[in-house]
Each structure stands twice: as structure tokens, then as C-alpha cells.
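The values are calculated or read from the model by the stated rules, or taken from the named source; none is laboratory data. In this text the structure is predicted, and so the values were computed from the model without any measurement. With ideal geometry, Cβ positions are generated from the backbone for all residues, glycine too; neighbour counts draw on all protein chains shown.
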Amino acid sequence: MKEAFMDKKTGRSLTLKDTLKPVLIPCYDLSSTAPFLFSRADAFESESFDFRLWEVCRATSAEPGLFEPVCMKSVDGKTGCVAVDGGLAMSNPTAAAITHVLHNKQEFPFVRGVEDILVLSLGTGQLLEGSFQYEHVKKWKAKDWAKPMARISGDGAADMVDHSVAMAFGQCRSSNYVRIQANGSSFGRCGVNIDADPSPNNVKKLVGIADEMLKQKNVESLLFGGKKIAEQSNFQKLDWFAGELVQEHQRRSCRIAPTVAFKQHLTNQEK
């Protein structure tokens, strides 16, 4: 992975400052027992928050049990982090991303509120076996609850963020905010590995699951009203969203001032 994030001309490891657009990438820091967010904005403010991109990618995807935690330091060595998968503490980073944009006037100087933001939130899916009946679970012991509790915790936190964001967007939610969350799968317990199996057979199964998800009806959060099944499918929602992005790109091309501000990254030689 180091080679993939190397400047081929200079041999320098690329860092957060080198990203072409603003980024916000979560992980969980075991040393501080708290979520940690990598961002280009923070990297420009201080080298103590500028990290090598190959380490950032490893950190945000270091799922315990599959990959080792990542012991990393900022480029100036002043900030340390023992990172694992960001999904452990932030299974739905939508609210963090929105807050980052609203309070990041240097990179988003023309954003005044949620009405100026288009948000696409992609969930990881909720399995059919996540539904339990009272008679089935009433005599479960602690060991029986281990896996269901982990799933309930992750899905519950993600759903709470979805509901809160929908409430925050209010009347704008139908035009500014789209949440795609697959519900169940016809593959059931077929053993599809989403993390560590790149075999053609497994990839084919994953593509099939993705196609199934696109055909499902979209599920929307209601203000103080739980959820409802929308008339449109996930594919139709994504197709509409893509159209909105095209229109926004056309509008931006007519503006004199850029919508996103950029800082010049000066090398040590230039400084």
C-alpha cells in the first residue's frame, strides 16, 4: 500500500495535505479510547494532524480479528494514534461529515446551512436475521446475546444518526438527503465474505447482493415517525441523486468564485 500512495517523482509518501478534495476519514484510537477523525482541513492547520495516506487507509479499515491495529504518528511525530476500524465507533459518519462541512469555512466558504448541502449516505446493510421474536430470545444466556448485541449496537447507532439527520434537514430531506440501506438478502447465510475474500466467486456473490439492493424500495426516516417504505427503489433514488449532481456541476461551472476553497500546499523548499 505504501507504493500506491507514493509521489513517483520525489519518492515522498503522500499525506492528507495532498488530497485533491476535502476528506474526513474516521478511525477509533485505542490509546485515547475515543473516535479520531482525519481531515485535510486539520492537516493544513497543523502538521501535528497531517498523516500519511497509506496509514490513514489502513487505520480506517483495520477491523479487529482481521487486521492488526495501526500504530501511527503524524508527519512531525507529535500526534500518535493506535487505530482500528472507524466503524466500531462511527458506523454512520453522516452527521460528522455534515458538521465538518458546516464549520469548515476555509474549504466550504459558501455553505450557510443544510439547504446548501447534498448528502448521500450509504449503509452496510441490515440482515434479515436481525429480527427476533420474544419466544425465541426470552431464555437466551449471555453467550447467545453476544453476536446479536454487536449487530444491534451498530445498526442502532447508524439508524439514530439517520433519523437525526433526517430531522435536521426537515423539509429539505426529500431533495438534499438520501440514505441507502439494504434490508436482508436472498443469499441468507451463504457465507459471503465482505472483508477478506477477493475470489471471483465471492465477488460475484457480492455483485449479486448489490444488484438486489438496488431493486429494493428505499426506506426513509420520518420526522418523529419512525420509517416508511418509499415509492422509489434505491436505484431510482441514486439515479435522481446523480442527476442533481450533474445539475450542480453545471451551475458551478457558471460561477466565477469556486464553491470549495483550496490552500496551496508549500513544500519545505518553497517555504
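One table, with the values for the structure above:
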read-out: Out of P35, P69, P93, sole residue that is more than 17 Å from the chain's Cα centre (by Cα) and either surrounded by 14 or more Cβ atoms within 10 Å (Cβ to Cβ) or not charged (D, E, K, R) (or both); value: P69
read-out: Single unsatisfied condition, V75 versus (1) assigned to a helix (DSSP H, G or I); (2) surrounded by fewer than 20 Cβ atoms within 10 Å (Cβ to Cβ); value: (1)
read-out: Single residue of the stretch 20-72 satisfying the filter (in contact with a Phe, Trp or Tyr (Cβ under 6 Å, 6 or more places away or on another chain) and part of a helix (DSSP H, G or I)) that is nearest to A97 (Cα to Cα); value: D42
read-out: Residue list for the stretch 96-118, filter: in a loop (DSSP other than H, G, I, E, B) and acidic (D, E); value: E107
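Residue-wise test of (1) within 24 Å of F67 (Cβ to Cβ); (2) modelled with pLDDT of 85 or more; (3) surrounded by fewer than 13 Cβ atoms within 10 Å (Cβ to Cβ).
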position: G125; (1), (2), (3): yes, no, no
position: V137; (1), (2), (3): no, yes, yes
position: K143; (1), (2), (3): no, yes, yes
position: A150; (1), (2), (3): yes, no, yes
position: H163; (1), (2), (3): no, yes, no
position: S186; (1), (2), (3): no, no, yes
position: C190; (1), (2), (3): yes, no, yes
position: K205; (1), (2), (3): yes, yes, no
position: I209; (1), (2), (3): yes, yes, no
